[in-house]
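The values are calculated or read from the model by the stated rules, or taken from the named source; none is laboratory data. Keep in mind that what you see is a predicted model, and the values were worked out from it rather than measured. Here the Cβ positions follow ideal geometry from the backbone for every residue, glycine too, while neighbour counts run over all protein chains shown. Just the protein is used for accessible areas: all its heavy atoms, side chains included, with ligands, DNA and RNA removed. Shrake-Rupley method; radii C 1.70, N 1.55, O 1.52, S 1.80 Å.
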Amino acid sequence: MKRLILGFILLMALMPSLAANNPAGNWKVIPLPQEITPTGGKPFTLNKNTTIRLASNVATDKNMVRNLDFLKEYIQEMTQFSLTKTARAKGNQIVLDIDPTLSNDEGYSITADQKQIVIKGKNAAAVFLGIQTLRKALPIAKRPKTVQLPAVKINDYPRFHYRGFMIDTGRHFFSVAYLKEIIDMLALHDINYFHWHLTEDQGWRIAIQKYPKLTEIGSHRKQTIIQGSKEYDGVPVDGYYTQEDAREIVKYAADRFITVIPEIDMPGHMMAALASYPDLGCTGGPYEVPCKFGVFEDVLCGGKPQTLQFAKDVLQEIMDIFPSTYIHIGGDECPKTRWKVCPNCQKKIEELGLKDEPGHTKEDQLQTWFMGEIEKQITSRGRKMLGWDEILEGNPTKSSTVLAWTSYDASIRAAKEGHQTVVCPISNLYFSNPHWNKLTGIKSMERVYNLEPVSDKLTPEQGKRIIGAEGCIWTEWVKDSVKMEWEMMPRIAGLAEIQWTQKEKKNLTDFMGRLPHLVDIYQLKGWNYKKDILENQ
């Protein structure tokens, strides 16, 4: 009897060790897949002898070869197993394949049983998304003997094709190496568009060969105002990306099936450009790169032919660098104060026969004309124009895609007026605006997670014009990676589920239960996050 009791005690003492040596994964990841069906069979056992391979029909596909390398890297990072790549089917194995019969362009399936895990995607990009699900299903384990993954059948696809995240590098510059790390963060969350805000009043960050002063002068500012005061910090801010830097970022993102959307904000938010080339403004200057933030009355002159040519020249070089279908040209926060008294602007208004209309001043319509001329160039190269929702103030063409930021109602208006629309309201998806917590009384995760992109005020046909959602970080007060990541994480996980998971499957309580494992991955990667948000703060 004593031996039995002693044996039981020893067994109980060993249980934590056994669990640590043989941890189990969980397929209920973030974002939550559309269909997860347990099959009731024995689990797949991952161990040091497991191999990974490509199906024979895709063995020479360079994107799939790269996918296999990512899979190997992720498994080693999570479990410390360095798996062998093989070309033949044998034993315990993970297989990647393409199944063109899948209906959704980003759809994938995962089948896990005792013998193997098979990830099939409509294409290589979809397979990469399936790999992310497997990656997040794995436990983080130190020197395990095995890792168990439940037998399952997953069929998954995104709710929205456009799943974006925007980073402003105009107010503060971030290195190429760090932008690559941000792209890795986006990949983990199944985000497929990196919206890169490249120019601002406070800094021009991309080299344009035809206009070298944009970076010689416009990429520098003397100092920055201190948040909440009228004092300045005395610290110069500078930095810009060469065209080769930008191409490097585009390639790094493309390898992870993420498209980089460049933004050159115009005709407002152009003080850095005006400081570089004063003749682009209505008054001719002098101008300087501002050291404080806000909306400035000096903008590009809407009536000078050389200003329109400047904008076209810049975008010509931008489109040479960035293969993205979408090209973002801003359109937000452009005061018409200078235009109302500028002889060149008023002459152009008269020449175009523009008149005040209900809800649209003639100066608003001058901006619409200006943006329309730019759009012609964008569409001539087979691209699509993106703009912030202020472009609606001047009746833009229906081919313009709108990022609705000023309010949730702006997305309703844009969709009703016939525009493809990306939902990114400041009240919910501006991660750099924590004061909205106080204004709304709603906690951070709830404020993000419970946003429903498709309003019930839209008809089914209008609702189809909501093509996705985007989170945004503006960097007035974000100077380093720690603050950047505090702004992003873990709210980006809530954004991911808005973008991916069907609304009837979303549940905040369930999401918060799944979040800790994703946060463990942040810790593994060395990424910072706001710990109080785990309590839904």
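Summary table below
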| quantity | calculated |
| --- | --- |
| Close pairs (7 angstrom Cβ cut-off, 6 or more residues apart or separate chains): among the hydrophobic types (A, V, I, L, M, F, W, C) in the stretch 96-107, surrounded by fewer than 18 Cβ atoms within 10 Å (Cβ to Cβ) and assigned to a loop (DSSP other than H, G, I, E, B) anywhere | 96/55 |
| Pick from the stretch 232-251, criterion crowded, with 17+ Cβ neighbours inside 10 Å and not aliphatic (A, V, I, L, M), ranking: farthest from residue 69 (Cα to Cα) | 240 |
| Search result, residues across the stretch 357-416 that are polar (S, T, N, Q), open to solvent by 50 Å² or more (accessible area, probe 1.4 Å) and part of a helix (DSSP H, G or I) | 379, 380 |
| Residue list for the stretch 62-90, filter: open to solvent by 50 Å² or more (accessible area, probe 1.4 Å), over 18 Å from residue 112 (Cα atoms), out of contact with any Pro (no Cβ under 9 Å at 6 or more places or on another chain) and assigned to a loop (DSSP other than H, G, I, E, B) | 82, 87, 88 |
| Every residue from the stretch 215-231 that is more than 19 Å from residue 198 (Cβ to Cβ) and open to solvent by less than 50 Å² (accessible area, probe 1.4 Å) | 225, 229 |
| Breaking point among (1) modelled with pLDDT under 95; (2) within 21 Å of the chain's Cα centre (by Cα); (3) within 30 Å of residue 294 (Cβ to Cβ), for residue 537 | (2) |
| Unmet requirement for residue 87, which otherwise passes all of (1) farther than 22 Å from residue 187 by Cα; (2) touching a Cys at 6+ places or on another chain (Cβ under 8 Å) | (2) |
| Selection from the stretch 226-274 of residues that are among the hydrophobic types (A, V, I, L, M, F, W, C) and farther than 30 Å from residue 188 by Cβ | 226, 235, 266, 270, 271, 272, 273, 274 |
| Of all residues making up the stretch 47-61, the number that are part of a loop (DSSP other than H, G, I, E, B) and open to solvent by 70 Å² or more (accessible area, probe 1.4 Å) | 3 |
| Unique match (being within 29 Å of the chain's Cα centre (by Cα), hydroxyl-bearing (Ser, Thr, Tyr) and closer than 16 Å to residue 147 by Cα) among 74, 108 | 74 |
| Any hit, the stretch 495-502, residues being outside any helix (DSSP H, G or I), hydroxyl-bearing (Ser, Thr, Tyr) and under 25 Å from residue 74 (Cα atoms) | yes |
| Members of the stretch 29-46 found to be exposed (fewer than 14 other Cβ atoms within 10 Å of the Cβ) and outside any strand (DSSP E or B), listed by number | 39, 40, 41, 42 |
| Enumeration of residues in the stretch 250-287 that are in a helix (DSSP H, G or I), over 14 Å from the mean Cα position of the chain (by Cα) and under 23 Å from residue 387 (Cα atoms) | 271, 272, 273, 274, 280 |
| Evaluation of residue 115 against (1) closer than 20 Å to residue 24 by Cα; (2) in contact with a Pro (Cβ under 9 Å, 6 or more places away or on another chain); (3) surrounded by fewer than 17 Cβ atoms within 10 Å (Cβ to Cβ) (one fails), failing number | (2) |
| Selection from the stretch 490-509 of residues that are of a type in the set (A, V, I, L, M, F, W, C) and under 16 Å from the mean Cα position of the chain (by Cα) | 492, 493, 495, 496, 498, 500 |
| From 454, 482, residue being under 28 Å from residue 106 (Cα atoms), open to solvent by 10 Å² or more (accessible area, probe 1.4 Å), among the β-branched types (Val, Ile, Thr) and in contact (Cβ under 8 Å) with a residue 12 or more places away in the chain | 454 |
| Residue in the stretch 39-52 that is of a type in the set (A, V, I, L, M) and without any contact (Cβ under 8 Å) to a residue 60 or more places away in the chain present | yes |
| Any hit, the stretch 486-506, residues being buried (at least 20 other Cβ atoms within 10 Å of the Cβ), within 30 Å of residue 237 (Cα to Cα), in contact with a helix residue (DSSP H, G or I) (Cβ under 9 Å, 6 or more places away or on another chain) and not aliphatic (A, V, I, L, M) | yes |
